[in-house]
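Heads up, the thing below is written out as structure tokens.
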Amino acid sequence: MSLRHNGRLTAIRAAIAAAGVLLLLGADRPLQCAVQQRKGQQRTALQSALQHATAKESSQRLGPALPGAQLHGSAMASTLGQSKEAQIPPPQSPAQTGETLPYSLERSVWSPDNGDGTYTNPVLYADYSDPDVIRVGHDYYLVSSSFSHFPGLPVLHSRDLVNWRIVGHAVPSYPDPAFDLPQRGMGIWAPAIRYHNGEYVIYFGDPDRGVFLTKAKHPEGPWTPLRLIRKVTGWIDTCPYWDEDGNAYMVHAWANSRVGVKSILAINRMNAEGTEILDDGIVVFVGHQEHPTIEGPKLYKRNGYYYIFAPAGGVKPGWQTVLRSRNIFGPYEARKILEQGTTRVNGPHQGAWVDTPGGQDWFLHFQDRYAYGRVVHLQPMRWENDWPVIGVDYDGNGIGEPVSRFAKPDVGKTHARQEPQTSDEFGSDTLALQWQWEANPRAEWISLDARKGWLRLYAQDQTRGRKNLWEVPGLLLQKFPAPSFCATLSLSLPPITAEEKPPEAADQKPPGSAEGKPPQLVGERLPALADGGCAGLVVFGLDYAAIQIEKRGNRHLVSQIVCRKANTGSAEILVDSADVDSQQIQFRVEVWPENPGEVVPKVLCRFAYSTDGREFRSLGKAFVAKEGIWVGAKVGMYCVASGKARPGWYADVDWFRISRAGQDDGRKE
């Protein structure tokens, strides 16, 4: 778009000038809830659904893949082969299919691969926010935002864009001591990954510190230490591009929360190596009127056009915009390319265009699912008149909508199903890749050597002015892996020493307590830890709930606690508790959406415990999971202590297992 009013132009120029930029305006899941199906039943139901869709929606069939898409943005490392005619069955929208749970026929809690040549969205039902993807040969790599969770900047690998696995992290810790404590919502925002000159390179904009770069010869790492290539406030969502003539550029957006500027995209020149930003940039698009809050840009080139793929309209309700121009600095034409439309996929935007060796084009994007975080969808893509067409236009308004089920990308062969890692037996010398801390990790927080095959989790000091777990850096958490799942944690506390035992008989109850109940009253705010430490299983977000075990004299107490608005410093509330005679315990939480067909899910969590590993007793009330700051809710473990804990207080974790909700894990001890 172009600006027609001098007053508006003057105001925008003033805002940009204040930020130090040149202005060139162009175009503006219950406890027994799992539906258990036999293999044959599942396949039959799927085939029937596809046949029904074929009869009902043949007019919406997508055509064959277009031939030989040009390499774009040096993301591709090999020349694309001849295109193959893709036999693509008609798609189904989420509104037509409902929100089915395509559990795999084996053990996984979410498998997007249906095993019949089709996939079901989302391909990643986990919080991989702001994804960017490239293809190098026959391999695909995905990176996403990680904010202040470390190790950060996860790298995932796939051979078919449907089945993904975590292969590493590019940022083990942040080069700022402030991140030794949680800095929620800050840090690593919206990275971009490219393959250039035989190296993998990742750029991201930290809205408070500037533009960072890291490189690696292999995507698994090691990655070079973060390099600050531009110290600046407010630049976000940075993406590089190397043109055919060797010139290098970077496109970025603005963080309104930092500099009071938004809905504007700018492009900077870089040196040929991409290690230095050479200027203050040129504004190439202003989206205030038709594409407000435009951000997250990715820059490509095809058939002589420069394309900027960028989300607009806000995180949860927005859409995907595409800009194009014959000149990298504009002016740019703009089109709305993908929207929610008649589907249940709100805000389908911000992601990456990628192709197959055979010439198919695909688009990956996120959907903000509130407590589940920003899950990742895969959409078919084709070209018409040098404009991308993404998804299917179900309502006929000329704008694509997300598909629910579709034919898998034709990558020349069928690859085995796989999903991002979840369960952990702690048999490795290093912490598994699915785990993240809430701040820069410290070696003294854990040991995988103190007790072989176990994780020793040393207690975090809870006395440093911390009212709850929000400011505790050493929470060991992972993403929700599916809409419905069960997480089980097996742990033991250190034995009570002779010095710690009180003089009364070992079976005497604490004064004032009922049978099997501690002296605290349900609903009262919890005091400081009485005898030192506790460890537990937590579902963590702005609101969090946990089931934990702690020492009480010569006995152990199991309790469910809840903390609401944890970020405001509110105290934890005791929901229910029980005495147990063992320091060895298994904790379990089952997670499921009460309203699976709704855009805004109500995600319920029910806690239970077992002292024998066979019979689990429910404890407390169902808890509604809540997202965090820019991230979904997480599940994991913690160990905290007060000043009364003896030095080196710890909990030993035997294993952590993710299984389908409503089912036993099935593994033998």
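The values are calculated or read from the model by the stated rules, or taken from the named source; none is laboratory data. None of the values given here were measured: they were computed from a predicted structure. Please note: Cβ atoms are built from the backbone with ideal geometry, for glycine as well, and neighbour counts cover all protein chains shown. Surface accessibility is based on the protein's heavy atoms, side chains included, excluding ligands, DNA and RNA. Shrake-Rupley method; radii C 1.70, N 1.55, O 1.52, S 1.80 Å.
Within region 347-506, what whole-number % of the accessible surface is contributed by carbon and sulfur, with the 1.4 Å probe and all protein chains included in the calculation?
On the way: 2520 of 5430 Å².
Reported share for carbon and sulfur atoms: 46 percent.
Can you give the net charge of the other residues whose Cβ lies under 12 Å from the Cβ of SER428, counting K and R as +1 and D and E as -1?
Values: positive: LYS452; negative: ASP424, GLU425, ASP429, ASP449.
It works out to a net charge of -3.
Quick one: net charge around GLN478, please, counting Lys, Arg +1 and Asp, Glu -1 for every other residue with C-beta under 14 Å from its C-beta.
Neighbour charge sum, excluding GLN478 itself: -1.
With a probe of 1.4 Å, find how much accessible area region 228-317 has per residue, and write the answer as a whole number in Å².
On the way: 2860 Å² over 90 residues.
On a per-residue basis, 32 Å².
So if I place +1 on the C-beta of Lys and Arg and -1 on the C-beta of Asp and Glu, and nothing else carries charge, what would the dipole magnitude of region 302-448 be about its Cα centre? I want it in debye, nearest 20. Mind showing how you got there, number by number?
Details: 15 positive and 17 negative charges, 76 e Å.
Value, rounded to 20: 360 debye.
I'd like the accessible area for GLU333, computed on protein heavy atoms only with a 1.4 Å probe and all protein chains in place. Round to 10 Å², please.
90 Å²
Could you run the Karplus curve 6.51 cos²θ - 1.76 cosθ + 1.60 with θ = phi - 60° over region 616-626 and give me ³J(HN,Hα) per residue in whole Hz, x for Gly and Pro?
Using θ = phi - 60°, the values come out as 9, 10, 5, 9, x, 10, 5, 10, 8, 5, 10 Hz.
Rounded to whole Hz and in sequence order, give me ³J(HN,Hα) for region 554-569 from the Karplus expression 6.51 cos²θ - 1.76 cosθ + 1.60, θ = phi - 60°, writing x for Gly and Pro.
Values, residue by residue: 9, 10, 10, 10, 9, 9, 9, 10, 9, 10, 9, 6, 4, 5, 8, x Hz.
Could you give each residue of region 394-401 its phi-based ³J(HN,Hα) in whole Hz, using Karplus coefficients 6.51, -1.76, 1.60 with θ = phi - 60°, and x for Gly or Pro?
Each residue's phi maps through the Karplus curve to give 5, 8, x, 9, x, 10, x, 10 Hz.
Could you work out how far the C-alpha centroid of region 187-210 sits from that of region 326-371, in angstrom?
Computed from Cα coordinates, the inter-centre distance equals 20 Å.
Which pairs break 31 Å Cα to Cα here: LYS231/LYS467; LYS316/LYS408; LYS301/LYS479; LYS316/LYS621? Numbers along the way, then the final one.
Working: LYS231/LYS467 35 Å; LYS316/LYS408 27 Å; LYS301/LYS479 34 Å; LYS316/LYS621 29 Å.
From LYS231/LYS467; LYS316/LYS408; LYS301/LYS479; LYS316/LYS621, over 31 Å: LYS231/LYS467; LYS301/LYS479.
Summarise the accessible area of region 118-206 (1.4 Å probe, protein heavy atoms) by the percent that is carbon and sulfur.
On the way: 900 of 1770 Å².
Solvent-exposed carbon and sulfur of region 118-206 make up 51 percent of the total.
Hey, can you grab everything whose amide H is under 5 Å from the amide H of ALA126? Only 5+ residues off in sequence or another chain; H modelled, so Pro and N-termini drop out.
Here VAL376 satisfy the definition.
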